[in-house]
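Below is one structure; the comments refer to it alone.
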Amino acid sequence: IKIVNTRQASISVSISTTGEGGGEDMFFEAAPGGSGIWKRGNAQVAIVYLSDTGETRYMTVFPGSDYSI
């Protein structure tokens, strides 16, 4: 699962680990233009905090997919 920050401000992202044998439920900060990759075998919930607007987004994300925020 790849999350790409297309915004002009940092974002914070956490991908759940439901049904997984490892990984951590931590937040990762992605600078503008940056990205993060999570290895998951199951569909998960992504929590994305947009620092410029204070908005929090919740998304269902799938292994092998890329998401632009």
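The values are calculated or read from the model by the stated rules, or taken from the named source; none is laboratory data. Since we're looking at a predicted model, the values are computed, not measured. A quick note on method: Cβ atoms are made from the backbone with ideal geometry, for glycine too, and the neighbour counts reach across all protein chains shown.
What the table shows:
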{"item": "Residues of the range 2-24 that turn out to be under 16 Å from residue 57 (Cα atoms) and assigned to a loop (DSSP other than H, G, I, E, B), as a count", "result": "6"}
{"item": "Pick from the range 25-57, criterion part of a strand (DSSP E or B) and β-branched (Val, Ile, Thr), ranking: farthest from residue 2 (Cα to Cα)", "result": "56"}
{"item": "Filter result (touching a residue at least 24 places away in the same chain (Cβ under 8 Å) and under 12 Å from the mean Cα position of the chain (by Cα)) within the range 18-38", "result": "30, 34, 35, 36, 37, 38"}
{"item": "Some residue of the range 47-64 being without any contact (Cβ under 8 Å) to a residue 12 or more places away in the chain and in contact with a strand residue (DSSP E or B) (Cβ under 9 Å, 6 or more places away or on another chain)", "result": "yes"}
{"item": "In the range 1-41, the residues that are modelled with pLDDT of 95 or more and polar (S, T, N, Q)", "result": "5, 6, 8, 10, 12, 14, 35"}
{"item": "Boolean, residue 60 is in a strand (DSSP E or B), exposed (fewer than 15 other Cβ atoms within 10 Å of the Cβ) and within 11 Å of the chain's Cα centre (by Cα)", "result": "yes"}
